[in-house]
Amino acid sequence: MKTIQAVTYPVHFQKESYQELSNILKIKNYSTIFILVDENTIEYCYPKFIPNLETDKTIEVIEIDSGEINKNLETCIGVWNVITELGGDRKSLLITLGGGVITDLGGFVASCFKRGIDFVNIPTTLLSMVDASVGGKTGVDLGVLKNQIGLFANPEMVIIDTDYLTTVTEREIKSGTAEIIKYGLTYDVNLFNEIKDNKNLNINDLIFRSVEIKNEVVLQDPKEKNLRKILNFGHTLGHAIESFYLESEDKENLTHGEAIAIGMVCECYMSSKLLNFPKEKVIEVKNVVLTIYNKINLLKVDFSAILELLKHDKKNVNGQVNFVLLNDYEDYKIDCKVDESLIIESMEFYNL
Ligand code: GLY
């Protein structure tokens, strides 16, 4: 079995992982096992998961509505109420079975309930496998502002079983691919090149390498004081664009990956203007992004609303927006200040 050891917990890969889960269930002797799902994962992932769960304890399934729009405190309160009604106590375990919303929100619910119960992440989307389920960030959105409420809390274990990827849409896979591109641009350009060349892509290898990178970064800087900020490459502007589409009633929501792919193109452009990031690489990144994702037309009239949302980015200090930019592939610079005029110019560049 392949395993990556994170700071306090293992990330196990593929079917053999379930034996490890059974082992900790025996050792920890949990009182009740809660499984957090949404309407998709209860239908498509739960039937794949449940035959692997060896336990004589009570199992309770808690279902929430899917989608970023439900990643909020109201949903958490609903889940806390259900756990309470079902007799949850400090010896309960919460298993999160789903995408980034389920693993982020579930980890947050577990780590606040009675000051913290154990949880296990079982990501079912590419995005949650390569990013959200690993690294100890848990939390929810505040209105449309992404991940504003949350805390660092580590799961007991993460299980990455790529069989669940057969249950998700092509659009979801593409959403997760953006995070792999991010690891490629900031840390290991081989990952970016593999996606660019798009030949004999081995999804299991891409996931494993992505988790290795995420873990290496988080081990060095768990609380995002420094190096971990590179994992936000493309996310500073990307989150603002994602939030803007979430709050715009006349626009279809973007997936997280679609928004941060735009963010990465724009932030490469800013890098070329402020640092030495080569212009031809900006074009290369834009071409790769436009090969994978539909072009979105960012309207000029929307720029000011997007800039307004940028002011809420979690990396901001004293009202100043801080970007992670690139000197080159694998060569980053954190805490870069960028004038509004250049941010606008970068969106115009994306639009060209
Ligand atoms: N998703 C970025 C991080 O975990 O730091």
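Laboratory data are not the source of any read-out in this text; all were calculated from the coordinates shown. If you're wondering where the values come from, they're calculated on a predicted model, not measured in any experiment. For neighbour counting, all protein chains shown are included, and Cβ atoms are generated from backbone atoms with ideal geometry for every residue, glycine included.
Note down all Cβ pairs under 6 Å where the first residue falls in the stretch 20-32 and is farther than 15 Å from ALA110 by Cβ, the second is surrounded by 15 or more Cβ atoms within 10 Å (Cβ to Cβ), and they're at least six residues apart or on different chains.
Between residues of the stretch 20-32 that are farther than 15 Å from ALA110 by Cβ and residues that are surrounded by 15 or more Cβ atoms within 10 Å (Cβ to Cβ), the close pairs are GLU20/HIS12.
Kindly provide the set of residues from the stretch 141-154 that are in contact with a helix residue (DSSP H, G or I) (Cβ under 9 Å, 6 or more places away or on another chain), within 16 Å of the ligand (Cβ to nearest atom) and closer than 22 Å to ASN70 by Cα, ordered by number.
Result: ASP141, LEU145, LYS146, ASN147, ILE149, GLY150, LEU151, PHE152, ALA153.
Tell me, which residue of the stretch 195-227 that is among the acidic types (Asp, Glu) and outside any helix (DSSP H, G or I) is nearest to the ligand (Cβ to nearest atom)?
Selected residue: GLU224.
Those residues that are more than 17 Å from the chain's Cα centre (by Cα) and of a type in the set (Lys, Arg), I need them from the stretch 158-210; list them, please.
Correct list: LYS196, LYS199.
Anything in the stretch 336-352 that is in a helix (DSSP H, G or I) and either more than 13 Å from MET264 (Cα to Cα) or acidic (Asp, Glu) (or both)? List them, or say none.
GLU340, SER341, LEU342, ILE344, GLU345, GLU348, ASN351
Which residue out of LYS251, LYS273 is away from the ligand (no atom under 16 Å from the Cβ), loosely packed, with under 15 Cβ neighbours inside 10 Å and charged (D, E, K, R)?
None of the other options fit; the residue is LYS251.
Looking at the stretch 99-133, which of the residues that are within 9 Å of the chain's Cα centre (by Cα) and part of a loop (DSSP other than H, G, I, E, B) is farthest from ASN81 (Cα to Cα)?
The extreme case among them is SER133.
Output the number of residues of the stretch 163-176 satisfying the condition of being closer than 14 Å to ASP131 by Cα and away from the ligand (no atom under 15 Å from the Cβ).
The qualifying residues number 3.
Inspect all residues belonging to the stretch 238-245 and state whether any of them is in a helix (DSSP H, G or I), without any contact (Cβ under 8 Å) to a residue 40 or more places away in the chain and within 16 Å of the ligand (Cβ to nearest atom).
Yes, there is a match, as at least one residue in the stretch 238-245 is in a helix (DSSP H, G or I), without any contact (Cβ under 8 Å) to a residue 40 or more places away in the chain and within 16 Å of the ligand (Cβ to nearest atom).
Any residue that is touching a strand residue (DSSP E or B) at 6+ places or on another chain (Cβ under 9 Å) and at positive phi - is there at least one of those in the stretch 276-289?
Checking the stretch 276-289: not a single residue is touching a strand residue (DSSP E or B) at 6+ places or on another chain (Cβ under 9 Å) and at positive phi.
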